[in-house]
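Worksheet: the structure to be examined is printed underneath.
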Amino acid sequence: MLLSEMLDEAKKQFSVKVPADVQDEIYRLMVEQKQSGTVYGLQEGQQALDFTLNNAQGAAVNLYEQLEQGPVVLTFYRGGWCPFCNLQLRAYQSILPDIEALGAQLIALSPQSPDNTLSQQQKENLRFHVLSDTNGIAADRYRVLFDVPSDLQHKMANTLKVNLAEYNATDRWILPIPSIFIIDTTGLIRFAYANPDFMQRLEPHAIVDQLHKL
């Protein structure tokens, strides 16, 4: 089954389980982001910006040190509380052998706390770096960070029982636009994808296809 098909099923569950007023707020935000004219994410041909973040085990991981070993597929996702993100990461886990066969590696970043990152990696059996960008510093540098509006904060916390301030261990309600950056060994971004619609994600085969072009 394609990732898009699994996401469509998740979207159906979302429409059934999430109250209409919360759905309205979520869709309103996505429409505003799409129509804002903002160009989300660094673009193809730009230099990737370095960062050092802790992985799920608490070890520091530096992007440019990883690039010395080969290209990096860098993905920003919202967190383990998001079913669409979990489907994405599991789908990308399934192509990890293909990514590694091409000499590359996958690194995923979210603003969730290290404890929640570790729990997610253990639950999903993910075998790639899952890093904790707790304060959204890397997401901000890659131009995919945004602050969750106060009305949506209230509905997420009180209706969906998702408190991002607690989940991310920070006093800010921040999220990244789901995005993918494929970076070559010189640090050049060779492919970029960012979509404010968090219910859509890049298909795994598209990542492998782009890696073949490096």
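The values are calculated or read from the model by the stated rules, or taken from the named source; none is laboratory data. Bear in mind that the values here come from a model prediction, so they are computed numbers and not experimental data. Quick reminder, even Gly has a Cβ in these numbers, built from the backbone with ideal geometry, and neighbours come from all protein chains shown.
Report, ordered by the first and then the second residue, all pairs with beta carbons closer than 7 Å, sequence separation of six or more or different chains, a first member in segment 1-30 that is surrounded by 11 or more Cβ atoms within 10 Å (Cβ to Cβ) and in a helix (DSSP H, G or I), and a second member that is modelled with pLDDT of 95 or more and among the charged types (D, E, K, R). Between residues of segment 1-30 that are surrounded by 11 or more Cβ atoms within 10 Å (Cβ to Cβ) and in a helix (DSSP H, G or I) and residues that are modelled with pLDDT of 95 or more and among the charged types (D, E, K, R), the close pairs are Leu3/Arg201; Leu3/Glu203; Ser4/Glu203; Leu7/Arg201; Met30/Asp197. Gly58 falls short on exactly one of the conditions (1) more than 26 Å from Leu152 (Cβ to Cβ); (2) modelled with pLDDT of 95 or more, and that condition is (2).
Listed residues Lys161, Lys155; which is farther than 25 Å from Leu63 by Cα and surrounded by 16 or more Cβ atoms within 10 Å (Cβ to Cβ)? After applying the criteria, what remains is Lys155. Here Gln121 meets each of (1) within 23 Å of Pro71 (Cβ to Cβ); (2) out of contact with any strand residue (DSSP E or B) (no Cβ under 9 Å at 6 or more places or on another chain); (3) at pLDDT below 95 with one exception, condition (2).
Number of residues in segment 28-63 that are farther than 25 Å from Phe181 by Cα and under 20 Å from the mean Cα position of the chain (by Cα): the value is 0. Of the residues making up segment 200-214, those that are touching an Asp or Glu at 6+ places or on another chain (Cβ under 7 Å) and within 15 Å of Leu74 (Cβ to Cβ) number 1. In the set (1) at pLDDT below 95; (2) surrounded by 19 or more Cβ atoms within 10 Å (Cβ to Cβ); (3) under 16 Å from Asn195 (Cβ atoms), Gly37 fails one condition alone, (2). Among the numbered conditions (1) touching a Leu at 6+ places or on another chain (Cβ under 6 Å); (2) part of a loop (DSSP other than H, G, I, E, B), the only one that Ile180 does not meet is (2). Taking the conditions exactly as written (under 22 Å from Ile177 (Cα atoms), out of contact with any strand residue (DSSP E or B) (no Cβ under 9 Å at 6 or more places or on another chain) and modelled with pLDDT of 95 or more), does Ala10 satisfy them or not? Taking the combined requirement at face value, the residue satisfies it. Filtering segment 78-86 for residues that are in contact (Cβ under 8 Å) with a residue 24 or more places away in the chain and in contact with a Cys (Cβ under 9 Å, 6 or more places away or on another chain) leaves a non-empty set. Annotation: of all residues in segment 107-118 being more than 19 Å from Val72 (Cβ to Cβ) and either surrounded by fewer than 17 Cβ atoms within 10 Å (Cβ to Cβ) or among the hydrophobic types (A, V, I, L, M, F, W, C) (or both), the one that is modelled with the highest pLDDT is Asp115.
If you go through segment 19-54 and pick out every residue that is in contact with a helix residue (DSSP H, G or I) (Cβ under 8 Å, 6 or more places away or on another chain) and closer than 21 Å to Pro111 by Cβ, you end up with 12. Filter segment 94-150 down to the residues that are in a loop (DSSP other than H, G, I, E, B) and among the basic types (Lys, Arg), then identify the one that is nearest to Ala165 (Cα to Cα). Among those that are in a loop (DSSP other than H, G, I, E, B) and among the basic types (Lys, Arg), it is Arg143. Filtering segment 96-106 to residues that are among the aliphatic types (A, V, I, L, M) and surrounded by fewer than 20 Cβ atoms within 10 Å (Cβ to Cβ) leaves Leu96, Ala101, Leu102. Within segment 125-143, restricting attention to residues that are under 15 Å from the mean Cα position of the chain (by Cα) and over 21 Å from Pro71 (Cα atoms), which residue is surrounded by the fewest Cβ atoms within 10 Å (Cβ to Cβ)? Among residues in segment 125-143 that are under 15 Å from the mean Cα position of the chain (by Cα) and over 21 Å from Pro71 (Cα atoms), the one surrounded by the fewest Cβ atoms within 10 Å (Cβ to Cβ) is Ile137.
Of the residues making up segment 66-81, just one is over 18 Å from Ala138 (Cβ atoms) and either under 10 Å from the mean Cα position of the chain (by Cα) or at pLDDT below 95 (or both), namely Trp81.
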